[in-house]
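The structure appears right after this line, and notes come after that.
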Amino acid sequence: MSAKTTDLDAIVVGAGFAGLYQLYALRERLGLRVRLFEKGAGVGGTWYWNRYPGATSDTQSPFYRYSFDAELLQEWGWSRRYVGQADVLAYLEEVVRRHDLGRDIRLGTEVTGIVLDEGDGTWTVTTADGASTTARYVVTALGVLSTTNVPDIPGMDTFAGRVVHTAEWPDDLSIEGRRVGVIGTGSTGTQLIVAAARSASHLTVFQRNAQYCVPSGDGPVEPGEVEAYQARYDEVWAQVRGSQVGFGFDEATTPASAASPQERERVFQEAWDRGNGFYFMFGTFNDLATDPASNEAAAAFIRRKIAEIVDDPQTARRLTPTQPYAKRPLCNQGYYEVFNQDHVELVSLPENPIVEIVPEGVRTADGVVHELDVLVLATGFDAVDGSYRRLDLVGRDGVTVDEHWRDAPTSYLGVATAGFPNLFMVLGPNGPFTNLVPTIELQVDFITSLVERAEAEQATVETSREVERRWSATCREIAEATVFSRVDSWLFGANVPGKKPSVLFYLAGIAAYRGVLADVVADDLRGFSVRPVPAPSGM
Ligand code: FAD
Ligand code: NA7
């Protein structure tokens, strides 16, 4: 605690799953005076912004929610296997309502600067309206996928129709009966494509790299299914936290490398029929993410499915990935089937690149103008560090986070970075890559315990460059042992032109991460220094 009086005890930035729970924890458990700033006009984070048709979770419904509110777990049910955007948003709004979080949230308030006063260890947070607020602690909960990646295509501003990024979908935009173009076939693109094929009059899909996509198994829940989960939620969360990816299924314990071809086929087919991308990758065999030959066996299975499903051999060929199966695993009900419909057209960009956008639509290298009313950019995000680099976030010696992360974005445990005392991140760089809500809860609980310690000792809690370097090296070693590092994707910052690729996640999973946190706590916050807050200058 600083001897200097600050406007608030703590400031939280971002009103998604992470920021809302962090506000709750600091206020209700530590009794601090907290304010949360959110640039959006509503709470919900990802689920406030991503309103494109088909937007849904790929974590199954029982596991895409908080565990901290036992009553809400009993009261808030679900009707389908996956929660849609509107469902998650309504859920988070309910969390805000029942815990009266709204009184400490300032919506429509973008944080532009977070600057350390090294003299007394306090932080000054500046917002786009020009106001400044001081606090002893700042928790940034900016989201890993909250800054959009918008491609720079010549002529974009000449388009006579509407161009929209999926994460900025306007409420008044309907694609019903319209000619729609979609650039991008990641998780977002494939969801949008399946939904748009149902309502657009014509759909043109511009695909750069083909993707592996398995069925999701979405559909209405069986009678009694929700109640069955609610009756054993303690057990459910224990399983999630004791697993690798935290998606609520039992992860495989045997390798594909030890299975016969017939056995692999049987297991892959069962997973295909059951649905879910993470299940296909982590529930079938335990070596698809680490053994290239096993990964290829799974990839070959999906490639055979594409050939079976897609009628036109040219289209099937274009939809068939050639890279390893090593991006965030996608799932979607009926994705490849969409391309059998007459009003859906696939443009393979490596064969026929986009040349420019013209008023009528998109012109490709073959000279064809693909006429469109709406062009959707499903081109993803400047993930993880993107939102940090846009801030004037200044720590010790006037060093900005952008400078500190010049070589690569780094952290200790995904929650702290050297030179930024009493500033903590939820889902900062090199945090776990899992079903994210359980990881968010773990990190928020851990950060809250750091703040509690700082309060008790009137101290600052800070990590060092050396500790940060070692954690990054650990994350790198783990990543290099996986097939994920062999393919360019947002997991490695390799999706944004000009961004330097690096390891952005801790890929050892949620159980291992919990173990590390427990060791750090047991060893008197190993890796953090807890020092008395400097006295304010002039005292
Ligand atoms: P966010 O929800 O991204 O919230 C961050 C908030 O910070 C945003 O509201 C943003 O406006 C605000 N913010 C950022 N910068 C500033 C600033 N400078 N000033 C003020 N406010 C700021 N994860 C899963 O585990 N399972 C899924 O099924 C899943 N599905 C997804 C589907 C989509 C379409 C997308 C985009 C992501 C999905 N994710 C999924 C990831 C998802 O982002 C996380 O699960 C979770 O919602 C992240 O919560 P968060 O609070 O950390 O971040
Ligand atoms: P992703 O997974 O980064 O996918 C973006 C897609 O957009 C992907 O197919 C990219 O092709 C494509 N892309 C990006 N830039 C371009 C340009 N310039 N031209 C053509 N195509 C382009 O983002 P998502 O939003 O789908 O998913 C992110 C996460 O959000 C997801 O994992 C879920 O957690 C939710 P590429 O494959 O790079 O060739």
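The values are calculated or read from the model by the stated rules, or taken from the named source; none is laboratory data. Since this is a predicted model, take the numbers as computed values, not measurements. FYI the Cβ positions are ideal-geometry reconstructions off the backbone, even for glycines, and counts take in every protein chain you see. Heads up: the accessible areas ignore ligands, DNA and RNA and are worked out on the full protein's heavy atoms, side chains in. Shrake-Rupley method; radii C 1.70, N 1.55, O 1.52, S 1.80 Å.
Couple of notes before you dig in:
- Among the trypsin sites (Lys or Arg not before Pro) in segment 396-487, those placed in a DSSP loop whose Cβ has at most 11 other Cβ atoms within 10 Å are Arg406.
- Taking every alpha-carbon pair under 8 Å whose residues sit at least 6 apart, segment 13-157 reaches a relative contact order of 30 percent.
- Sparse-neighbour loop sites [trypsin sites (Lys or Arg not before Pro); segment 1-72; at most 16 other C-beta within 10 Å; DSSP]: Arg33
- Overall, the anisotropy analysis places the chain in the prolate class: the square-rooted eigenvalues a ≥ b ≥ c of its C-alpha gyration tensor yield a/c not less than 1.5, with a/b exceeding b/c.
- Rounded to the nearest 0.05, the FRET efficiency derived from the C-beta distance between Arg476 and Glu71 at R0 = 45 Å is 0.60.
- Only helices enter this figure: runs of n ≥ 4 DSSP H residues, each worth -39500 (n - 2.57), summed and divided by the residues of the chain, yield -9000 deg cm²/dmol at 222 nm to the nearest 500.
- For the pair segment 1-76 and segment 367-397, the centres of their Cα atoms are 23 angstrom apart.
- Within the chain, antiparallel bridges make up roughly 40 percent of the DSSP beta bridges whose residues both belong there.
- Carbon-plus-sulfur accessible fraction, the chain (probe radius 1.4 Å, protein heavy atoms only): 48%.
- Efficiency of FRET between Ser257 and Ile309 - r from beta-carbon atoms, R0 22 angstrom, step 0.05: 0.20
- A straight chain from Asp104 to Val521 at 0.36 nm per residue would run longer than the Cα-Cα distance by 147.1 nm.
- Dipole in debye (nearest 20) - segment 1-148, about Cα centre, beta carbon charges: Lys, Arg +1; Asp, Glu -1: 220
- Between Arg469 and Met156, full extension at 0.36 nm per residue minus the direct alpha carbon distance yields a gain of 108.5 nm.
- Tensor-based shape of segment 413-487 (alpha-carbon gyration tensor, a/c under 1.5 rounded, otherwise prolate or oblate): oblate
- Simple label model, 7 Å out from Cα along Cβ direction - Thr112 to Ser201, nm: 4.4
- Proximal charge balance of Ser257 [Cβ under 12 Å; K/R count +1, D/E count -1]: -3
- For segment 279-370, GluC sites (Glu not before Pro) are listed when DSSP marks them as loop and at most 16 other Cβ atoms sit within 10 Å of their Cβ; the list is Glu351, Glu360.
- Neighbourhood charge, 15 Å Cβ-Cβ cut-off, centred on Gln341 and excluding it, Lys, Arg +1 and Asp, Glu -1: -3
- The distance separating the Cα centre of segment 183-215 from that of segment 251-313 comes to 22 Å.
- Between Arg232 and Arg396, the modelled labels are 5.0 nm apart [label points 7 Å from Cα along Cα→Cβ].
- With contacts taken as Cα pairs under 8 Å and at least 6 residues apart, segment 371-428 reaches a relative contact order of 26 percent.
- Per residue, the accessible area of the chain comes to 39 Å² when a 1.4 Å probe rolls over the protein heavy atoms.
- For segment 333-387, the Cβ-based charge dipole about the Cα centre amounts to some 60 debye (Lys, Arg positive; Asp, Glu negative; other atoms uncharged).
- Cα long-axis angle, helix 510-522 against the chain (0 to 90 degrees, to the nearest 10): 10
- Förster radius 41 Å - calculated FRET efficiency between Glu457 and Ala131, Cβ distance, rounded to 0.05: 0.85
- Three-way shape label, segment 409-539, alpha-carbon gyration tensor, a/c 1.5: prolate
- Compared with the dominant Cα axis of the chain, that is its longest principal axis, helix 85-98 is turned about 20°.
- Between helix 436-457 and the chain: long-axis angle, C-alpha atoms, 0 to 90°, nearest 10: 10
- Local net charge near Thr126, Cβ-Cβ under 12 Å (Lys/Arg +1, Asp/Glu -1): -3
- As a length-normalised measure over Cα pairs under 8 Å and 6 or more apart, the relative contact order of the chain settles at 20 percent.
- Each residue of segment 486-497 was assigned a 3J(HN,Hα) from its phi angle through the Karplus expression (A = 6.51, B = -1.76, C = 1.60, θ = phi - 60°), giving 8, 10, 6, 7, 5, 4, 10, x, 9, 10, 10, x Hz with x at Gly and Pro.
- If the chain linking Asn340 and Gln323 were pulled fully straight, counting 0.36 nm for each residue of separation and taking away their Cα-Cα distance, it would gain 3.8 nm.
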